[in-house]
Amino acid sequence: MAARNPSFNPAIGVDLGGSKIEAIVLDEHGATHWRERVATPAGDYRATLAAVAALVARAEAELGLANCSVGVGTPGSATDAGLIKNANSTCLNGRPLARDLAEALGRPVRIANDANCLALSEATDGAAAGASLSFAVILGTGVGAGIVANGRLLEGPNGLAGEWGHVPLPWPEPAERDGPRCYCGRQGCIETWLSGPALARDHVLHGGAALSAQQIGAHAARGDGACEATLRRHESRLARSLALIINVLDPQVIVLAGGVSALPGLVDNVSARWGDFVFSAGVVEPVRTRLVRSRHGDSSGVRGAAWLWRDR
């Protein structure tokens, strides 16, 4: 922990998750000076506001600081009116989260989708640092992504930039054409094919045992043929889905994060496959986009939240 009254320009980031709230204090070089996690008050909006305010107050008190910038990463996104929508932490939906946190903390607060925070973190001082255009993907319980161009988040007028998980799986094979039902009301969304639960479901549908994505990866590493086949199907779907992004955005770097991104061989096998679907790849030159794992792992969200003021 840093000494009191440290001579650095501090920024506080808060990752507001469904099960935990994490806060961090970074200096201008990205070094961590304070960090703490608490449980999220389940389904209680007012208690959630109080928990965030208490974390910020503790960070400032312990470091001898006051009125630090505060950025918050949230599930979902904010409407033009500042109301949260599409959050799986449903107590946030319809609430003016940024305004209420600003009142609780006595200062302006900036908020962004948690996938956007990941993207900003990795573009600032992570695996996509120095790239003029990067696309960062969360492969976990759900699937999301964020886009950073020249150091700035792209969010769009609807707050939907990067919602790649809710477009149809591209170039579907015959058995993939209908696709599983998605919670968004559509069918066959990328999220229903590439998330951790989707990978586990696909394994069962092809005759495998009920295993988590991580267990499937571990069994495949030990030579389990059925688990290896499940990973090959997943790699094909991810390669096609990322080739779509390359054809539309042509980013210099694509960053993978989330629990599913740790599956053995995923980065190498996907980047070896996606050239079949990238427009003109192999005809003139190979695909130049780099596919990499996130540098900051599950810390990217909270770090990106801290960078939200720097972004602007």
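The values are calculated or read from the model by the stated rules, or taken from the named source; none is laboratory data. All values reported here derive from a predicted model rather than from experimental measurement. Every residue, glycine as well, gets a Cβ built from its backbone with ideal geometry; the counts of neighbours run over all protein chains shown.
Among the listed residues 147, 138, which satisfies the condition of being in contact with a Pro (Cβ under 9 Å, 6 or more places away or on another chain) and closer than 28 Å to residue 199 by Cβ?
On the way: 138 fails: in contact with a Pro (Cβ under 9 Å, 6 or more places away or on another chain).
Unique residue meeting the criteria: 147.
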Of all residues in the range 62-75 being in contact with a Gly (Cβ under 9 Å, 6 or more places away or on another chain) and part of a loop (DSSP other than H, G, I, E, B), which is modelled with the lowest pLDDT? 75
Selection from the range 289-312 of residues that are out of contact with any Ser or Thr (no Cβ under 7 Å at 6 or more places or on another chain), over 19 Å from residue 27 (Cβ atoms) and modelled with pLDDT of 95 or more: 289, 290, 292
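Mind listing just one residue for me: the one in the range 63-96 that is among the hydrophobic types (A, V, I, L, M, F, W, C) and touching a residue at least 40 places away in the same chain (Cβ under 8 Å) and, of those, nearest to residue 161 (Cα to Cα)?
If we take residues in the range 63-96 being among the hydrophobic types (A, V, I, L, M, F, W, C) and touching a residue at least 40 places away in the same chain (Cβ under 8 Å), then 78 is nearest to residue 161 (Cα to Cα).
Give 200, 149, 175 a once-over and let me know the one that is surrounded by fewer than 18 Cβ atoms within 10 Å (Cβ to Cβ), among the aliphatic types (A, V, I, L, M) and over 17 Å from the mean Cα position of the chain (by Cα).
Details: 200 fails: surrounded by fewer than 18 Cβ atoms within 10 Å (Cβ to Cβ); 149 fails: over 17 Å from the mean Cα position of the chain (by Cα).
Exactly one residue qualifies, and that residue is 175.
With the structure loaded, tell me whether residue 180 is without any contact (Cβ under 8 Å) to a residue 40 or more places away in the chain, closer than 25 Å to residue 209 by Cβ, in the same structural domain as residue 260 (by TED's automatic domain parsing) and surrounded by fewer than 18 Cβ atoms within 10 Å (Cβ to Cβ) or whether it fails that test. Write out each step before concluding.
Working: without any contact (Cβ under 8 Å) to a residue 40 or more places away in the chain: yes; closer than 25 Å to residue 209 by Cβ: yes; in the same structural domain as residue 260 (by TED's automatic domain parsing): yes; surrounded by fewer than 18 Cβ atoms within 10 Å (Cβ to Cβ): yes.
When the stated conditions are applied, residue 180 passes them.
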What about residue 104, is it farther than 20 Å from residue 40 by Cα and outside any strand (DSSP E or B)? no
If you go through the range 203-221, how many residues are touching a Cys at 6+ places or on another chain (Cβ under 9 Å), part of a helix (DSSP H, G or I) and surrounded by fewer than 20 Cβ atoms within 10 Å (Cβ to Cβ)? 3
Residue 305 versus (1) assigned to a helix (DSSP H, G or I); (2) in contact with a strand residue (DSSP E or B) (Cβ under 8 Å, 6 or more places away or on another chain); (3) touching a residue at least 40 places away in the same chain (Cβ under 8 Å); (4) in the same structural domain as residue 227 (by TED's automatic domain parsing): which is the lone unmet condition? (4)
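Do the conditions hold for residue 294, that is, is it of a type in the set (Ser, Thr, Tyr), in contact with a Gly (Cβ under 8 Å, 6 or more places away or on another chain) and either without any contact (Cβ under 8 Å) to a residue 60 or more places away in the chain or within 24 Å of residue 152 (Cα to Cα) (or both)? Show your work before the answer.
Values: of a type in the set (Ser, Thr, Tyr): yes; in contact with a Gly (Cβ under 8 Å, 6 or more places away or on another chain): yes; either without any contact (Cβ under 8 Å) to a residue 60 or more places away in the chain or within 24 Å of residue 152 (Cα to Cα) (or both): yes.
Judged against the criteria, residue 294 is a match.
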